[in-house]
Amino acid sequence: MSERTLVILKPDAVQRAIAAEILSRFERRGLRIVALGLLKVDRAMAERHYAVHKGKFFYDELVKTITASPVIAAVLEGPNAIAVVRAMVGATRPHEAAPGSIRGDYALVGLRNLVHASDALETAASEIALWFPDGIVSYERGIDRWISTDKAPS
Ligand code: CMP
């Protein structure tokens with residue numbers, strides 16, 4: 001089933017100049033970029049995005065970190081996009097992330113784990129609405145018939 005998911009290349013990815021490299025992994029996998037932007041996150045936005053983590057021991061550092069420097073946010077679309085992207089990103093705590101995953105290849109600690117990715121359909125819908133209130137751009141790529149379908153080419 002085609003899904004959309006929100007990905008945030010967090011300040012550590014932008015500061016380390018590997019944001020485009022990470023984004024290109026998703027693009028090469030076959031996912032379609034349907035929204036993209038670089039922005040500085042303010043405290044109100046960070047608190048809305050991370051509301052579910054309020055009260056946890058890492059919450060304050062989490063909010064301070066994502067507001068410290070610009071992020072690149074994207075919406076990616078494709079079959080099973082949510083699970084595919086989560087698997088590519090790897091475990092939340094980078095020391096548990098498998099080699100070959102983004103965190104397993106590039107990250108060491110939880111608050112420098114480079115990428116946020118939606119974890120479920122409902123979360124993806126609310127995160128996409130929060131980060132891209134003006135909506136996404138729907139379009140087709142000719143190549144999708146060689147990537148995103150099991151149907152025999154005609
Ligand atoms: P993210 O996907 O942005 O969503 C919540 C973030 O909280 C997560 O990535 C990590 O950066 C951070 N996080 C979650 N669990 C822990 C933890 N146990 N220790 C430190 N940071 C965490």
Ignoring ligands, DNA and RNA, please state the percent of accessible area on region 25-154 from carbon and sulfur, probe 1.4 Å.
56 percent
So how much accessible area does M1 have, in Å² to the nearest 10, using a 1.4 Å probe?
140 Å²
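Between A129 and A91, what length comes free when the chain is fully extended (0.36 nm per residue of separation minus the Cα-Cα distance, one decimal in nm)? It would help to have the intermediate numbers written out before the result.
Numbers: separation 38, 0.36 × 38 = 13.68 nm, distance 2.49 nm.
Separation in residues times 0.36 nm, less the Cα-Cα distance, equals 11.2 nm.
Run the numbers for I136 and E61: contour at 0.36 nm per residue of separation, minus the present Cα-Cα distance, in nm.
Values: separation 75, 0.36 × 75 = 27.00 nm, distance 3.01 nm.
Length gained, I136 through E61: 24.0 nm.
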Pop a pseudo-label 7 angstrom from the Cα along the beta-carbon direction at both Y50 and I33 and give the gap in nm to one decimal.
2.6 nm
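Let me check against my output: what whole-number percent is the relative contact order of region 90-154, with C-alpha pairs under 8 Å and at least 6 apart?
Values: 42 pairs, mean separation 11.0, N = 65.
Reported relative contact order: 17 percent.
What's the lysine pair count for the chain at a Cα cut-off below 21 Å, pairs eight or more apart or interchain?
Values: K10/K40; K10/K54; K10/K56; K10/K64; K40/K54; K40/K64; K54/K64; K56/K64.
Taking the chain as the scope, the lysine pair count is 8.
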Average accessible area per residue (Å²) across the chain - probe 1.4 Å, nucleic acids and ligands excluded
56 Å²
What ranking of L31, L130 comes out by heavy-atom accessible area, probe 1.4 Å, highest first?
L130, L31
For a quick check: with amide H placed at 1.01 Å from N, whose amide H comes under 5 Å from A91's, ignoring anything fewer than 5 positions away on the same chain?
A97, A98
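What's the longest piece of the chain with no exposed trypsin sites (Lys or Arg not before Pro), counting a site as exposed if DSSP puts it in a loop and it has at most 13 other beta carbons within 10 Å? Walk me through the numbers on the way to the answer.
On the way: sites that count: K40, K54, K56, R141, K151.
Counting at most 13 other Cβ atoms within 10 Å as exposed, the longest clean stretch of the chain is 57-140.
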Rg and Dmax of the chain, using alpha carbons, in Å: what are they?
15.5, 55
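With Cβ to Cβ distances under 14 Å as the rule, what net charge do the other residues near E27 carry (K, R +1; D, E -1)? Please report the intermediate quantities before stating the final value.
Numbers: positive: R25, R28, R29, R32, R141; negative: E21, E77, D144.
Taking every Cβ under 14 Å from that of E27, the sum is +2.
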Excluding the sites themselves, what is the longest stretch of the chain that contains no chymotrypsin sites (Phe, Trp or Tyr not before Pro) in a DSSP loop with at most 12 other C-beta atoms within 10 Å?
59-138
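The values are calculated or read from the model by the stated rules, or taken from the named source; none is laboratory data. All values reported here derive from a predicted model rather than from experimental measurement. Please note: Cβ atoms are built from the backbone with ideal geometry, for glycine as well, and neighbour counts cover all protein chains shown. Surface areas here come from the heavy atoms of the whole protein model, side chains and all, with no ligands, DNA or RNA. Shrake-Rupley method; radii C 1.70, N 1.55, O 1.52, S 1.80 Å.
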